[in-house]
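> First the structure, then my questions, so here it is.
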Amino acid sequence: MVSVQRSTIIDAPINAVWDILRDFNGHDRWHPAVRRSALDGGKRTDQVSAIRNFELVEGQRLREQLLSMSDEEYSFRYAIVDSEIPLLNYVAEVSLKPVTDGNRTFWSWKSQFDTPKGQEAELAELVAEGVYTAGFEAVRGRLGDPKSSSRSFMTSAYETSKSSAPELPGKAIQIDRYGGPEELHIVNIIAKAPCPKEVRLRQTAIGVNYIDVYCRSGYFDLLKPPAVPGMEGVGVVEAIGAEVRHLSVGQRVGYACPPVGAYASVRTMPAELVIPIPENIDDRTAAAGLLKGMTAEFLLHRVHQVKKGDFVLVYAPAGGVGRILCQWANHLGAVVIGATSNEEKARIARSSGVHHVILPGARSLEGQVMEITRGHGADVIYDAVGKDSFDHSVAALATCGHLVSFGQASGDIGMRDISSLASKSATISRPNFGHYTDTPEKLAAITTRLFDAILRHIISIEVDQQYPLSQAAEAHRALEARETTGSTVLIPDDIQKGI
């Protein structure tokens, strides 16, 4: 067993040093040996058990797991779980202490590991000098310590991002006034350099959602023309602001959040709700599934906790959110009923876990639900249709049933007399996506479950329509005409041409 320990004093306050080091996935922004790094599994950068997957400037790949972290003790421990360098059973600890005779910091970095026979001295020197001493100098230089021996350690991805062009040209879809799909037109844009809490992205795929239609038409006031619509995108980090700690340049990331502006090849936006995308989920799947999958997660697990044996009615079961709801509810043990418009969509619904399909016919929707459930009714109804379906949904509920109205494809439900709900002691919810996803903590809980469901094949994200970004108007026309199934994505034209 080889033991290595190095220590130094940094001429900076302990909080300033800790602010750099506690970002377990931030070493590619300061350490000269690290080319790029990403977190596996969508975990937070300071979350115990998080695994950073990184590449050294000389090409070797490593994966390291965070074992513990203490903000009170200013320390963390980590271990190598996979490496192309033969550092075996490697466990390391980083710890800081304030220096009493000044506003300085004592930094200790130590480790133990095994090596192949005969390589003990070589690998001990590599760790001591190439990792620890080089890291000391890089942080010293970043914090402006006058004893920094060299500025060469600052050529990390962090510094590269800060020295990049202050403006990045691209294309976007803009509306100059509210209206129909014809109002969507392509324009030249510039993505500015990120402010301290922002990130700049080169986007590779953009999700199309019905909320984009509401923004374009003016039904929702999230967009004030002239402006770029879109709530969901995936891309590569091109630059980061000085205060961004959970992302790194070159990392694949995604988002499904305000502000609008996703219909673009490049964009600069707040970084707080931008998240890493797991390696095993491709860009199109992520762009098609983030907003819809996050919606399905909180509808099934937070707005109403679906349990085994529940009768669950889902409108538009062949659509993007509908397909995910049906697959997931089926996995949870519910009896899934899908209400759709034709046999082709019924076929898709059945392949997505729907046990019973309701089609337009001589019998009403509620009549068919009562027949399927033998008079019980639906325990929960997920209704994204709105005006045309509301009264039928209430009639189809079980006693103490729950109607979750989360969309209005046919229009607003309008003014309603809630006294009629007393006959069934019904509950009605109108959840707002933003209220469930507006903090990193909420987002982490939802996306962890979502990514797990995708990777375990509990749900699949089907991209049934793909358009070049310049044809966003065609995508909207098809969506509003209910001609689509599954999810729709836009691909920036320069990338689309290469597919």
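> Of all residues in the stretch 216-230, count the ones that are of a type outside the set (Gly, Ala, Ser) and within 19 Å of Asp493 (Cα to Cα).
Going through the stretch 216-230 one residue at a time, the tally reaches 2.
> Go through Asp379, Asp417 for me and flag whichever is surrounded by 13 or more Cβ atoms within 10 Å (Cβ to Cβ) and among the acidic types (Asp, Glu).
Selected residue: Asp379, the only one of Asp379, Asp417 that is surrounded by 13 or more Cβ atoms within 10 Å (Cβ to Cβ) and among the acidic types (Asp, Glu).
Table: residues versus (1) within 18 Å of Ala134 (Cα to Cα); (2) among the small types (Gly, Ala, Ser).
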{"residue": "Gly41", "(1), (2)": "no, yes"}
{"residue": "Leu56", "(1), (2)": "yes, no"}
{"residue": "Arg61", "(1), (2)": "no, no"}
{"residue": "Leu66", "(1), (2)": "no, no"}
{"residue": "Met69", "(1), (2)": "no, no"}
{"residue": "Arg77", "(1), (2)": "no, no"}
{"residue": "Ile85", "(1), (2)": "yes, no"}
{"residue": "Leu88", "(1), (2)": "no, no"}
{"residue": "Ser108", "(1), (2)": "yes, yes"}
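> Within the stretch 382-391, can you find the residues that are crowded, with 20+ Cβ neighbours inside 10 Å, of a type outside the set (Phe, Trp, Tyr) and either without any contact (Cβ under 8 Å) to a residue 12 or more places away in the chain or outside any loop (DSSP other than H, G, I, E, B) (or both)?
Residue satisfying the conditions is Asp383 alone.
> Give me a count of the residues in the stretch 305-363 that are outside any helix (DSSP H, G or I) and closer than 28 Å to Gln466 by Cα. Break it down stepwise before answering.
To start, the set of residues in the stretch 305-363 that are outside any helix (DSSP H, G or I) comprises 305-319, 332-342, 352-363.
Filter once more, keeping what is closer than 28 Å to Gln466 by Cα: 314-319, 338-342, 352-354, 357, 359.
So the answer is 16.
> For the structure I just gave you, tell me whether Gln65 is touching a Phe, Trp or Tyr at 6+ places or on another chain (Cβ under 9 Å), in a loop (DSSP other than H, G, I, E, B) and surrounded by fewer than 19 Cβ atoms within 10 Å (Cβ to Cβ).
No, not satisfied.
> Of the conditions (1) closer than 25 Å to Val369 by Cβ; (2) of a type in the set (A, V, I, L, M, F, W, C); (3) touching a Lys or Arg at 6+ places or on another chain (Cβ under 7 Å), Leu403 clears all except one; give me its number.
(3)
> Can you pull out the residues in the stretch 246-280 that are part of a loop (DSSP other than H, G, I, E, B), in contact with a Lys or Arg (Cβ under 9 Å, 6 or more places away or on another chain) and closer than 20 Å to Arg216 by Cα?
Within the stretch 246-280, Gly261, Ser265 meet the criteria.
> Give the stretch 177-222 a look and list any residue that's within 23 Å of Val236 (Cα to Cα), of a type in the set (A, V, I, L, M) and touching a residue at least 24 places away in the same chain (Cβ under 8 Å), or say none.
Within the stretch 177-222, Ile186, Ile189, Ala191, Ala193, Val199, Leu201, Ala205, Ile206, Val208 meet the criteria.
> Right, next: Which residues, counting only those in the stretch 103-123, are of a type in the set (Asp, Glu) and touching a residue at least 60 places away in the same chain (Cβ under 8 Å)?
Asp114, Glu120
> Scan the stretch 437-459 residue by residue and report those that are in contact with a strand residue (DSSP E or B) (Cβ under 9 Å, 6 or more places away or on another chain) and part of a helix (DSSP H, G or I).
Taking the stretch 437-459 and keeping what is in contact with a strand residue (DSSP E or B) (Cβ under 9 Å, 6 or more places away or on another chain), we get 437, 440, 443-444, 447.
Within the stretch 437-459, Pro440, Leu443, Ala444, Thr447 qualify.
> Sticking with this structure for a sec: Which of the numbered conditions does Arg374 fail, given that it passes all the others? Conditions: (1) of a type in the set (D, E, K, R); (2) closer than 30 Å to Gln466 by Cβ; (3) outside any helix (DSSP H, G or I).
Unmet condition: (2).
> Within the stretch 77-111, how many residues are part of a strand (DSSP E or B) and either polar (S, T, N, Q) or not assigned by TED's automatic domain parsing to the domain that holds Gln65 (or both)?
6
> Would you mind finding the one in Ala271, Ala286, Ala296, Ala242 that is among the small types (Gly, Ala, Ser) and in contact with a Phe, Trp or Tyr (Cβ under 8 Å, 6 or more places away or on another chain)?
Ala296
> From the list Val404, Val385, Val489, Val394, pick out the single residue that is of a type in the set (A, V, I, L, M, F, W, C) and under 20 Å from the mean Cα position of the chain (by Cα).
Details: Val404 fails: under 20 Å from the mean Cα position of the chain (by Cα); Val385 fails: under 20 Å from the mean Cα position of the chain (by Cα); Val394 fails: under 20 Å from the mean Cα position of the chain (by Cα).
Answer to the selection: Val489.
> Another one. Which ones in the stretch 1-43 are out of contact with any Gly (no Cβ under 7 Å at 6 or more places or on another chain) and assigned to a loop (DSSP other than H, G, I, E, B)?
Met1, Asp11, Ala12, Pro13, Arg22, Asp23, Phe24, Asn25, Gly26, Trp30, Pro32, Lys43
The values are calculated or read from the model by the stated rules, or taken from the named source; none is laboratory data. None of these values were measured; they are calculated from a predicted model. Here Cβ is always computed from backbone atoms with ideal geometry, including for glycine, and neighbour counts include all displayed protein chains.
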